[in-house]
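Let me begin by presenting the structure, written as structure tokens, before commenting on it.
What follows draws every value from the coordinates through simple rules; no lab data is involved. Quantities reported herein were computed from a predicted structural model and do not represent experimental measurements. Virtual Cβ from ideal backbone geometry, glycine too; neighbours counted across all protein chains shown.
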Amino acid sequence: MRIVFLGAPGSGKGTQATNVKAALAIAHISTGDLLREQVRAHTALGRQAKAVMEAGKLVSDALVLGMLEARLAEADTAAGFILDGYPRNLVQAAALDALLARIEQPLDLVVLIDVPNELIVTRLAGRAAEEGRQDDTPETVRARLQIYAEQTAPVIEFYRRGNRLVVVDGVGDMAAVSARILAALRIL
Ligand code: AMP
């Protein structure tokens, strides 16, 4: 099964992707995690991405697409994958469709994990305190939420119009949300 998880920063996408990956035995591809690895490894890509990520802005479409294409060529994606954090704008959504058509692995479904904005802000403040992520400072969080509203929200409409979107209520405890997602994927 090939799935995209959409949701605001702090919607629980990453956690849910980890749970659903285990339930479906498919790969979990987080472009944020891939980028953080590049930053840690001080690669050329990581050096280019670091400041952009710390500012809460989007890394260039071409860089992320190249990285994603390389990841999708790895063997563990053959059984399927969850994309977490990609696409983040309409250019990426179109590029993803083109790439997946080329490798003959079209998407089955897009899952939007829906969490109200007030709760997102509270959750991100909690995560900043717990995990100390460089990009969870108040200014960066504001920038990321603004980019989400301006650039990523249109991606939701893109998939809705294409009849590929399911919306799952992301409020509640982690296990309850996972169960809703698995039900939406019709495997519960
Ligand atoms: P995430 O872990 O998904 O919240 O991503 C952390 C940061 O990595 C984002 O704020 C962006 O700077 C960058 N990033 C992750 N995925 C993408 C993407 N698809 N396009 C551009 N930048 C991305």
Inset, instruction - Before anything else, pin down the relative contact order of region 2-137: Cα pairs under 8 Å, at least 6 apart, normalised by residue count, whole percent. - result: 43 percent
Inset, instruction - Would you tally the net charge around LEU100, using a Cβ to Cβ cut-off of less than 14 Å, leaving LEU100 out, and scoring K and R as +1, D and E as -1? - result: 0
Inset, instruction - Give, in nm to one decimal, the length gained when the segment between THR122 and ALA25 is fully stretched (0.36 nm per residue of separation minus the Cα-Cα distance). - result: 31.7 nm
Inset, instruction - Specify which residue in the list ALA179, ALA75, PRO106 is farthest towards the positive end of the charge dipole of the chain, using unit charges on the beta carbon of Lys, Arg (+1) and Asp, Glu (-1), about the Cα centre. - result: PRO106
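Quick one: grab the alpha carbon gyration tensor of region 86-188, order the square roots of its eigenvalues as a ≥ b ≥ c, and give me rounded if a/c is under 1.5, else prolate or oblate depending on whether a/b is larger than b/c. Can you show the working numbers first?
Details: a/c = 2.14, a/b = 1.34, b/c = 1.60.
Verdict is oblate for region 86-188.
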Legend entry - Residue-count net charge about GLN146 - beta-carbon cut-off 12 Å; Lys, Arg +1, Asp, Glu -1: +1
Inset, instruction - Of all alpha-carbon pairs in the chain, indicate the percentage at a distance above 28 angstrom. - result: 20 percent
Inset, instruction - Report the residues of region 1-31 in range of a label on GLN105: point 7 Å along Cα→C-beta, backbone N strictly under 13 Å from it. - result: 1-4, 26-30
Inset, instruction - Quick one: net charge around ALA176, please, counting Lys, Arg +1 and Asp, Glu -1 for every other residue with C-beta under 14 Å from its C-beta. - result: -2
Inset, instruction - Return a whole-number percent for the relative contact order of region 71-188, with Cα pairs under 8 Å and 6 or more residues apart as the contact set. - result: 34 percent
